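The values are calculated or read from the model by the stated rules, or taken from the named source; none is laboratory data. Small disclaimer: the values here were computed from a predicted structure and weren't measured. All Cβ positions, even for glycine, are placed from backbone atoms using ideal geometry, and neighbour counts span all protein chains on display.
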Amino acid sequence: MTRGRAATAKRLETAQPSGGQEPLVVYFDDIGLVRDLFGHYDANLAVLEEQLGIEAVVNGNAVALRGPREACVAAKVILEHLYNRLAQGETIGVGDVTGAIRHASVSDTSEPGTLKPKAQQIKTRKRVITARTPAQSAYLACLEKNDLVFATGPAGTGKTYLAVAFAAAALEAGLCDRLILSRPAVEAGERLGFLPGDMRDKVDPYLRPLYDALYDTLGSERVERGLDTGMIEIAPLAFMRGRTLSNAMVILDEAQNCTAVQLKMFLTRLGEGSKMIVTGDPTQVDLPKGQDSGLFEAIEILRGIDEIGHIAFANSDVVRRELVGRIVEAYDRAGNTDRSKAAHSPANTLAESDSDIPESGKNR
């Protein structure tokens, strides 16, 4: 240990309350990266403290970790992993820290700065995107393996963003010729002709989340150039009929708002050399009353077919921020309560009682 490190370690040890176990001290070489690693006002360390139940004390380019031994070892592995990502030019935020915690394996600490299972990554023109949850890693692996992938789950799990990032990376790498984005325009009833402007003007409001992801991964200039040349195509679902989409990355977002007929039509557009990604949130079906979503029927019908995969995200996979996850869970609880009340309502109870009456005893 160098004289500087020895002095730092001494200060860290004396800063701890007496009577406890020795802290696990982690050192980093680049003080500039350390500032980004710990976060503004040590916000990233605060996440580690809260979620792992440890205490982190900073002194220069070192941090002392105190708490349950396994949790401290996990925090050390996470910090080294995030530091290595910073050294490779990535940026780190609170969401990345939370994602690293989810990926951390306390039992595998033999290789410094690594997590197991290793998080999948996508390298795009603007940035490297690292999966923040094991489910996101499984999603990216599923996209690599299969030609048709369904991704379902609540808002904030990264279904759409990762689909666009994966497709953008494939386009940049020359693995496909075109990127085609589609989404049902439920609010307009798929009847877009009466809306003002050209086709892009008509569908822009419905596809804004896809644009946001494109701009974040490819940059605005690249996206605008791709739209002008046709390399990136925005196509409303209603205009997909009769086409064969070859050598393309095709994304259908908000697929829970497709009927069975619409979704079958879309899925059968898949041509040679293409991949198709279909995303949807089972809790946000906006179809008119009396129309069922075709997404869940399609997943069930196509289950077990080679080259078709399905990733189902859970509430625990929400990565936007912790509050969003709590909001989703609260709505789920409220929905379950409403269904329970409906099942035990007087009308349903009467109907169930009436169903027990023999046919000969009814309508007397």
| note | Of the residues in the range 269-288 that are among the hydroxyl-bearing types (Ser, Thr, Tyr) and modelled with pLDDT of 90 or more, the one that is farthest from the chain's Cα centre (by Cα) is 274
| message | Being small (Gly, Ala, Ser) and in a loop (DSSP other than H, G, I, E, B) is the filter here; which residues of the range 274-327 pass it? | response | 274, 290, 293, 294, 304, 314
| task | Go through 78, 54 for me and flag whichever is in contact (Cβ under 8 Å) with a residue 24 or more places away in the chain, under 16 Å from residue 38 (Cβ atoms) and of a type outside the set (Asp, Glu). | result | 78
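Please verify whether residue 187 is at pLDDT below 95, among the acidic types (Asp, Glu) and in a helix (DSSP H, G or I), treating the condition exactly as stated.
Considered against the rule, which asks whether it is at pLDDT below 95, among the acidic types (Asp, Glu) and in a helix (DSSP H, G or I), residue 187 comes out as yes.
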| query | Filtering the range 62-113 down to residues that are among the β-branched types (Val, Ile, Thr), surrounded by 15 or more Cβ atoms within 10 Å (Cβ to Cβ) and under 22 Å from the mean Cα position of the chain (by Cα), which residue is modelled with the highest pLDDT? | reply | 78
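Per-residue answers, yes or no, for (1) crowded, with 24+ Cβ neighbours inside 10 Å; (2) hydrophobic (A, V, I, L, M, F, W, C); (3) free of Cβ contacts under 8 Å to residues at least 12 places away in the same chain; (4) more than 14 Å from residue 252 (Cβ to Cβ):
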site	(1), (2), (3), (4)
145	no, no, no, yes
154	no, no, no, yes
159	yes, no, no, no
170	no, yes, no, yes
174	no, no, yes, yes
| task | State yes or no: is residue 152 under 20 Å from residue 280 (Cα atoms), of a type in the set (S, T, N, Q) and at pLDDT below 90? | result | no
| remark: Exactly one of 214, 295 is buried (at least 23 other Cβ atoms within 10 Å of the Cβ) and either of a type in the set (Lys, Arg) or in contact with a Cys (Cβ under 7 Å, 6 or more places away or on another chain) (or both), and that residue is 295
| task | Answer yes if at least one residue in the range 227-241 is within 16 Å of residue 177 (Cα to Cα), hydroxyl-bearing (Ser, Thr, Tyr) and outside any loop (DSSP other than H, G, I, E, B), and no otherwise. | result | yes
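This table checks each residue for (1) surrounded by 18 or more Cβ atoms within 10 Å (Cβ to Cβ); (2) in contact (Cβ under 8 Å) with a residue 40 or more places away in the chain; (3) more than 19 Å from residue 185 (Cβ to Cβ).
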{"site": "243", "(1), (2), (3)": "no, no, no"}
{"site": "248", "(1), (2), (3)": "yes, yes, yes"}
{"site": "260", "(1), (2), (3)": "no, no, no"}
{"site": "264", "(1), (2), (3)": "no, no, no"}
{"site": "268", "(1), (2), (3)": "no, no, yes"}
{"site": "275", "(1), (2), (3)": "yes, yes, yes"}
{"site": "284", "(1), (2), (3)": "no, yes, no"}
| Do you know which residues across the range 303-321 are closer than 15 Å to residue 132 by Cβ and in contact with a strand residue (DSSP E or B) (Cβ under 8 Å, 6 or more places away or on another chain)? | 311, 313
| field | Condition met for residue 255 (at negative phi, touching a strand residue (DSSP E or B) at 6+ places or on another chain (Cβ under 7 Å) and small (Gly, Ala, Ser)) | value | yes
| request: Return yes or no: is residue 38 modelled with pLDDT of 90 or more, under 26 Å from residue 136 (Cβ atoms) and in contact with a strand residue (DSSP E or B) (Cβ under 9 Å, 6 or more places away or on another chain)? | output: yes
